[in-house]
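The values are calculated or read from the model by the stated rules, or taken from the named source; none is laboratory data. Remember, predicted model here, so these are calculated numbers, not experimental data. A quick note on method: Cβ atoms are made from the backbone with ideal geometry, for glycine too, and the neighbour counts reach across all protein chains shown.
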């Protein structure tokens, strides 16, 4: 489905509304999350994926964790040894302007419809992936570099290479 030119002209849709799933990542608990070809996503998140600290992760509004290959490339250019999956995201996305992915935005990822719910605050367990241990480099207050939590609105399957569409 193409984005509405009327909504785009009114400033309600960004210029780039489509991307792709670059990588899917899961873990039995803790970091890093490792790449997989496809996942099934339910209301509570990716089946078979777990977080080490359920007190801080895994609530319904944190069902999915999303991040951007472009942000990862930017951080790598700054000298941080970060790579997809290391910071705990389930879905690594390419091709979207990451500043357009913010709380309240809906995304169709493969069969799954989700809504961005909150910026994922940096965790000290990411220290190893950042130069001088500066895991705060992915804090949303430093720019559009944060991972994003999302609530699942329609469960389904996601495969690497699937389309990602920002929905109006």
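Residue 60 fulfils the conditions (1) modelled with pLDDT of 90 or more; (2) within 24 Å of residue 105 (Cβ to Cβ); (3) surrounded by fewer than 21 Cβ atoms within 10 Å (Cβ to Cβ) except for a single criterion, (1). Of all the criteria given as (1) outside any loop (DSSP other than H, G, I, E, B); (2) modelled with pLDDT under 80, the one not satisfied by residue 19 is (2).
Kindly state which strands (runs of 3 or more DSSP E) lie completely within the range 61-168 and contain at least 1 residues that are free of Cβ contacts under 8 Å to residues at least 60 places away in the same chain.
64-68, 106-109, 112-120, 147-154
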